Amino acid sequence: MKSAVETLNPTRVRLTVEVPFEELKDSLDAAYKKINQQVTVKGFRKGKIPNRVIDQRFGRGAVLEEAVNDALPKFYTEAVNEAEVNPLGQPEVDITELKDGELLAFTAEVDIRPAIEIPDYSGIEVEVDAIEVTDEDVEKSVEQLRNRFASTNPVERAAEDGDVVTVDLEAKVDGEVLEDGVASGVSYTIGSGELLDGIDEAVKGLEAGGEATFTSQLKGGSAEGKDAEITVKVTAVAAKELPSLDDEFAQMASEFDTLDELKADSRKRLENMKQFDQATQAQERVLEKLLELVEVPIPEKLLEDEINTRKHNLEHHQLGQMGLTLEKYLEFQGKTVEEFDGETREQAVKGIKTQFVLDELVNKEKLNVSQEELTEHLLRRAQSSGMSPDQFAQAVVEGGQVPMLVGEVARGKALAVVVEAAKVVDTKGEVVDLSDDEDEVEEAAAVVEAAVDAEAEAK
């Protein structure tokens with residue numbers, strides 16, 4: 001076999017391949033055998049029909065077609081390896097010559113991973129939010145805990161802020177009661193803002209048995225986003241009683257003996273949360289800076305496929321589960337189709353660029369993924385998917401997605417390397433040290449996943 005490669009542009013090549021006919025022998029034999037098992041000829045046992053009879057009865061062309069279809073993947077792969085290119089997706093193959101007994105010639109055009117030059121990234125500098133936990137933050141955290149241990153007692157008076165009311169609701173749009181617009185026995189804390197805009201004003205001042213009507217935009221259901229006439233009937237009013245903030249509360253609500261110890265633990269937890277947010281912010285901003293440093297040609301076919309995948313996932317998974325069409329979604333978002341298409345293209349470009357750059361960094365830095373790192377990543381992905389680790393692992397193996405998970409961890413490690421080399425300062429001008437973060441790789445992998453944000457991997 002002879003092959004040559006022609007670079008059409010930085011992300012696409014054309015392979016030209018010539019195969020002497022004798023190299024098709026195995027595929028020709030396989031073609032005759034396959035046809036032998038599929039056809040019947042009077043006077044011959046199944047599978048024992050001579051090749052010349054198959055040629056006479058069914059045509060030599062049918063055999064050649066079967067043989068060529070069988071042989072093409074093998075010769076294409078050999079040509080790719082000889083050319084030392086990294087193909088993306090399926091090639092466009094054109095058989096340019098097929099002379100029986102002499103020659104098979106074909107061309108294959110395919111997108112390839114572009115050659116990327118990773119510049120010195122040690123000079124990257126980013127600014128992140130400072131870690132600040134105020135006394136007000138701590139008090140709010142303790143108050144939330146206090147509310148979880150609140151009790152309610154029925155009262156015979158008009159509802160007030162902070163009361164828990166039990167209500168029946170009915171929603172009408174254009175005068176018609178919605179099929180999914182009726183609910184009974186709904187518990188609601190006045191002032192929580194967790195139900196419908198306008199309900200607080202409607203129920204305040206009502207006693208059990210009282211009724212009011214107000215207009216509100218629906219937040220879900222079949223008429224999501226539409227203005228509805230809501231009738232609310234209060235069936236019960238209960239006053240919320242909060243436990244006293246003292247050492248006894250701390251002992252009841254936590255493992256601590258004193259309220260001061262509980263508050264100190266709340267402060268530490270809030271600091272840890274803000275530290276995690278700070279690390280994530282640093283990784284996101286370092287990634288943005290890194291991508292700005294690197295010129296990456298994007299294969300048009302790959303980009304088109306990525307855009308279509310993102311649109312499909314949005315329409316048929318996310319919006320489909322909410323019962324929304326793309327048109328209705330854009331209406332709620334206040335976006336035009338052109339704006340949506342532009343944003344989707346921009347996100348797809350960033351996702352592909354992120355993969356290419358970090359994959360090149362993995363190669364450059366010779367990063368490997370250990371079994372422990374892969375297992376840790378699998379556990380996190382299983383948790384985020386709502387599946388048990390065993391179920392998720394089985395789905396990954398059966399779907400042939402292990403290389404995808406390995407790629408995610410490797411890219412996370414590559415980003416962690418860049419973050420460690422970057423200068424990260426907070427808004428107070430203090431240098432932020434992220435090198436001691438044990439979960440740095442996993443956090444970086446999550447940032448990379450968010451940037452890539454697609455089910456299909458670039459192959």
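This table checks each residue for (1) over 27 Å from residue 89 (Cα atoms); (2) in contact (Cβ under 8 Å) with a residue 12 or more places away in the chain; (3) under 43 Å from the mean Cα position of the chain (by Cα); (4) not assigned by TED's automatic domain parsing to the domain that holds residue 89.
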| residue | (1), (2), (3), (4) |
| --- | --- |
| 7 | no, no, yes, no |
| 11 | no, yes, yes, no |
| 24 | no, yes, no, no |
| 27 | no, yes, yes, no |
| 32 | yes, yes, no, no |
| 38 | yes, no, no, no |
| 41 | yes, yes, no, no |
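Quick one: residue 54 ticks every box in (1) exposed (fewer than 15 other Cβ atoms within 10 Å of the Cβ); (2) at pLDDT below 85; (3) in a helix (DSSP H, G or I) bar one, so which box is it?
Against the list (1) exposed (fewer than 15 other Cβ atoms within 10 Å of the Cβ); (2) at pLDDT below 85; (3) in a helix (DSSP H, G or I), residue 54 comes up short only on (1).
Whether any residue in the range 256-264 is modelled with pLDDT under 95 and of a type in the set (A, V, I, L, M, F, W, C) is what I want to check.
If we filter the range 256-264 for residues that are modelled with pLDDT under 95, which is where we start, we get none.
No, the range 256-264 has no match at all.
Only one residue in 350, 364 is of a type in the set (Lys, Arg), more than 16 Å from the chain's Cα centre (by Cα) and either at pLDDT 90 or above or closer than 27 Å to residue 416 by Cα (or both). Which one?
Going through 350, 364 in turn, just one is of a type in the set (Lys, Arg), more than 16 Å from the chain's Cα centre (by Cα) and either at pLDDT 90 or above or closer than 27 Å to residue 416 by Cα (or both): 364.
Across the range 140-191, what is the total count of residues that are touching a residue at least 60 places away in the same chain (Cβ under 8 Å), touching a helix residue (DSSP H, G or I) at 6+ places or on another chain (Cβ under 9 Å) and surrounded by 14 or more Cβ atoms within 10 Å (Cβ to Cβ)?
9
Could you pull out the residue among 304, 271 that is among the acidic types (Asp, Glu), out of contact with any helix residue (DSSP H, G or I) (no Cβ under 6 Å at 6 or more places or on another chain) and within 30 Å of residue 115 (Cα to Cα)?
Details: 271 fails: within 30 Å of residue 115 (Cα to Cα).
Exactly one residue qualifies, and that residue is 304.
Residues of the range 101-155 being of a type in the set (A, V, I, L, M) and outside any strand (DSSP E or B), which ones?
115, 116, 118, 124, 130, 131, 133, 138, 142, 145, 150, 155
Residue check: is residue 130 surrounded by fewer than 17 Cβ atoms within 10 Å (Cβ to Cβ), farther than 30 Å from residue 364 by Cα and under 41 Å from the mean Cα position of the chain (by Cα)? Steps first, answer last, please.
Values: surrounded by fewer than 17 Cβ atoms within 10 Å (Cβ to Cβ): yes; farther than 30 Å from residue 364 by Cα: yes; under 41 Å from the mean Cα position of the chain (by Cα): yes.
Spelling it out, residue 130 is indeed surrounded by fewer than 17 Cβ atoms within 10 Å (Cβ to Cβ), farther than 30 Å from residue 364 by Cα and under 41 Å from the mean Cα position of the chain (by Cα).
Residue 413: within 20 Å of residue 357 (Cβ to Cβ), among the charged types (D, E, K, R), out of contact with any Gly (no Cβ under 6 Å at 6 or more places or on another chain) and buried (at least 21 other Cβ atoms within 10 Å of the Cβ), yes or no?
yes
Among the residues of the range 156-183, how many are within 19 Å of residue 206 (Cα to Cα), among the small types (Gly, Ala, Ser), assigned to a strand (DSSP E or B) and touching a Lys or Arg at 6+ places or on another chain (Cβ under 9 Å)?
Matching residues across the range 156-183 total 0.
State which residue is nearest to residue 441 (Cα to Cα) when the search covers only the range 370-402 and only residues that are of a type outside the set (S, T, N, Q) and loosely packed, with under 11 Cβ neighbours inside 10 Å.
Only one residue fits best here, namely 372.
Let me confirm something: among 228, 208, 212, 239, which residue is farther than 28 Å from residue 151 by Cα and surrounded by 14 or more Cβ atoms within 10 Å (Cβ to Cβ)?
One residue alone meets the criteria, 228.
Scan the range 345-367 for residues that are out of contact with any Leu (no Cβ under 8 Å at 6 or more places or on another chain) and either free of Cβ contacts under 8 Å to residues at least 12 places away in the same chain or buried (at least 16 other Cβ atoms within 10 Å of the Cβ) (or both) and jot them down.
Passing the criteria: 346, 347, 351, 355, 356, 359, 360, 362, 363, 366.
Which residues, taken from the range 203-223, are aliphatic (A, V, I, L, M) and either in a loop (DSSP other than H, G, I, E, B) or under 19 Å from residue 239 (Cβ atoms) (or both)?
203, 206, 208, 218, 223
For residue 93, only one of the following conditions fails: (1) at pLDDT 90 or above; (2) over 30 Å from residue 298 (Cα atoms); (3) not in a helix (DSSP H, G or I). What is its number?
Evaluating residue 93 over (1) at pLDDT 90 or above; (2) over 30 Å from residue 298 (Cα atoms); (3) not in a helix (DSSP H, G or I) leaves (2) as the failure.
Working carefully through the options 104, 15, 88, find the one that is crowded, with 18+ Cβ neighbours inside 10 Å, farther than 30 Å from residue 353 by Cβ and not assigned by TED's automatic domain parsing to the domain that holds residue 304.
Result of the check over 104, 15, 88: 104.
Across the range 93-115, which residue is farthest from residue 5 (Cα to Cα) among those that are charged (D, E, K, R) and over 29 Å from the mean Cα position of the chain (by Cα)?
Ranking the qualifying residues of the range 93-115, first place goes to 100.
Of all the helices (runs of 4 or more DSSP H) wholly in the range 247-361, which have at least 2 residues that are acidic (Asp, Glu)?
247-253, 259-293, 300-313, 326-333
Among the numbered conditions (1) surrounded by 17 or more Cβ atoms within 10 Å (Cβ to Cβ); (2) outside any strand (DSSP E or B), tell me where residue 46 comes up short.
Of (1) surrounded by 17 or more Cβ atoms within 10 Å (Cβ to Cβ); (2) outside any strand (DSSP E or B), only one is false for residue 46: (1).
The values are calculated or read from the model by the stated rules, or taken from the named source; none is laboratory data. Predicted model only: the values in this text are computed from it and were never measured. Cβ: placed from backbone, ideal geometry, glycine included. Neighbour counts: every protein chain shown.
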